[in-house]
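Remarks on the structure that follows.
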Amino acid sequence: MKQTAGRDRLGSLAPKFAELNDDVLFGEVWAREEELSLKHRSMITISALMAMGITDSSLKSHLELGRKNGITKTEIVEMVTHLAFYVGWPKAWAVFRLVTEVYQDEE
């Protein structure tokens, strides 16, 4: 499936950024599944966003993508709990709010 989020959201404002997002980041880097699975790429990306304190819609989108890529509710809870000690307790609280939304049908 071809990524179009960049073009859909920023194509007219920042066409080169949108192209790099869709074609390079998601089209080339994320496509290197032989080197690193989509699940592991999602785990790394979620961890990086949490570490930076980015708990907006971009993290929620990556949580949803991570779930689609096979991250279970148990795994995401363990990831956030583990990361809390390295990147900050308040960040974990913020991420758990999003995890609750993304995995709500598994309650």
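The values are calculated or read from the model by the stated rules, or taken from the named source; none is laboratory data. These figures come from a predicted structure and were not determined experimentally. Heads up, the Cβs are rebuilt from the backbone with ideal geometry, glycines too, and the neighbour counts pull from every protein chain shown. These area figures cover heavy atoms from the full protein model, side chains too; ligands, DNA and RNA do not enter into them. Shrake-Rupley method; radii C 1.70, N 1.55, O 1.52, S 1.80 Å.
Taking the condition at pLDDT 95 or above, closer than 22 Å to Gln104 by Cα, open to solvent by less than 50 Å² (accessible area, probe 1.4 Å) and not in a helix (DSSP H, G or I), does Gly70 pass? For Gly70, the condition - at pLDDT 95 or above, closer than 22 Å to Gln104 by Cα, open to solvent by less than 50 Å² (accessible area, probe 1.4 Å) and not in a helix (DSSP H, G or I) - is met.
Here Glu28 does not fit the description of being in a helix (DSSP H, G or I), under 28 Å from Arg97 (Cα atoms) and charged (D, E, K, R). With respect to the stated conditions, Arg41 is basic (Lys, Arg), surrounded by 14 or more Cβ atoms within 10 Å (Cβ to Cβ) and assigned to a helix (DSSP H, G or I). Test Leu83 against the criterion of being over 11 Å from the mean Cα position of the chain (by Cα), surrounded by 13 or more Cβ atoms within 10 Å (Cβ to Cβ) and either over 16 Å from Glu101 (Cβ atoms) or modelled with pLDDT of 95 or more (or both), and give yes or no. Here the answer is yes, as Leu83 does meet what is asked. Return the pairs, sorted by first residue and then second, in which the second residue is β-branched (Val, Ile, Thr) and loosely packed, with under 14 Cβ neighbours inside 10 Å, the first residue lies in the range 17-44 and is without any contact (Cβ under 8 Å) to a residue 60 or more places away in the chain, the beta carbons are less than 7 Å apart, and the residues are 6+ apart or on different chains. Short answer, once both residue conditions are applied: Asp22/Thr4. Filtered by the rule that a residue be without any contact (Cβ under 8 Å) to a residue 24 or more places away in the chain, open to solvent by 30 Å² or more (accessible area, probe 1.4 Å) and either in a helix (DSSP H, G or I) or of a type outside the set (Val, Ile, Thr) (or both), the range 45-60 gives Thr45, Ala48, Met52, Asp56, Ser57, Ser58. Restricting attention to the range 1-41 and to residues that are of a type in the set (A, V, I, L, M) and under 17 Å from the mean Cα position of the chain (by Cα), the residue that is farthest from Lys68 (Cα to Cα) turns out to be Val24.
Within the range 62-80, being without any contact (Cβ under 8 Å) to a residue 24 or more places away in the chain, within 15 Å of the chain's Cα centre (by Cα) and over 14 Å from Ile44 (Cα atoms) holds for Lys68, Thr72, Val77.
In the range 1-53, of all residues being of a type in the set (S, T, N, Q) and more than 30 Å from Ala84 (Cα to Cα), the one that is modelled with the highest pLDDT corresponds to Ser12.
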